[in-house]
Amino acid sequence: MSQTVLSKPASWNICGMMTHMCIDATTRTAKGFGYECTVIADAYVTADLHFHNHSVPAEHVYHAFLSALDSTYASVLSYEEYLAMIDCSGL
C-alpha cells in the first residue's frame, strides 16, 4: 500500500505569502496532523487588516500571528537562523 507525502512522518519548513492567511492555516493544520514545523519568519509578508472601522497595521498583524505560532505550533526562525541550523554543505 502506498503512502501519500502528507501521511508520512516528517517535518515541514513553512514559507508563503501572507502571515495571517496561508502561513497561519498551513502551520496549524500541519501541527494538527503531527508534523514538526519551522516557520521562516522573514520569508513572506502580510497586510493591514480592517474590521468594523478599526485598522490593525501589518507590523502588528505579523507579530501577533508569529507570537501565536511560536513554540506551540512551530519553531519560528529568521532566514539567517534557519540557514545556520541546516547543513548546506552539499548544496
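Here, each number is a calculation from the coordinates, and none is a lab measurement. Owing to the predicted nature of the structure, the values given are computational and were not obtained by experimental measurement. All Cβ positions, glycine included, derive from the backbone under ideal geometry; neighbour counts span all protein chains shown.
For the range 11-81, go through all pairs of different Cα atoms, get the mean of 1/r, take its inverse, and jot down that Kirkwood value in Å. Intermediate results must be reported in sequence, preceding the final value.
Values: mean 1/r = 0.0815 Å⁻¹.
After inverting the pairwise mean of 1/r, the radius is 12.3 Å.
Be a star and scan the range 40-72 for residues whose amide nitrogen sits under 17 Å from the point 7 Å along the Cα-to-Cβ vector of Ser78.
What the label zone holds, given the 17 Å backbone N cut-off, is 40-45, 63, 66-67.
Could you work out the relative contact order of the range 11-81? I mean the mean sequence separation of Cα pairs under 8 Å and 6+ apart, divided by the number of residues, in percent. Don't skip to the end; give the middle numbers.
Values: 113 pairs, mean separation 25.4, N = 71.
It rounds to 36 percent for the range 11-81.
For Ile86 and Ala47, what does the FRET efficiency come to when R0 = 30 Å and r is the distance between their Cβ atoms, rounded to the nearest 0.05? Spell out each step's value before the answer.
Details: r = 29 Å, r/R0 = 0.98.
Between Ile86 and Ala47 the formula returns 0.55.
Spin-label point model (7 Å from Cα, Cβ direction): what's the Arg28 to Glu59 distance in nm?
Inter-label distance under the simple model: 2.6 nm.
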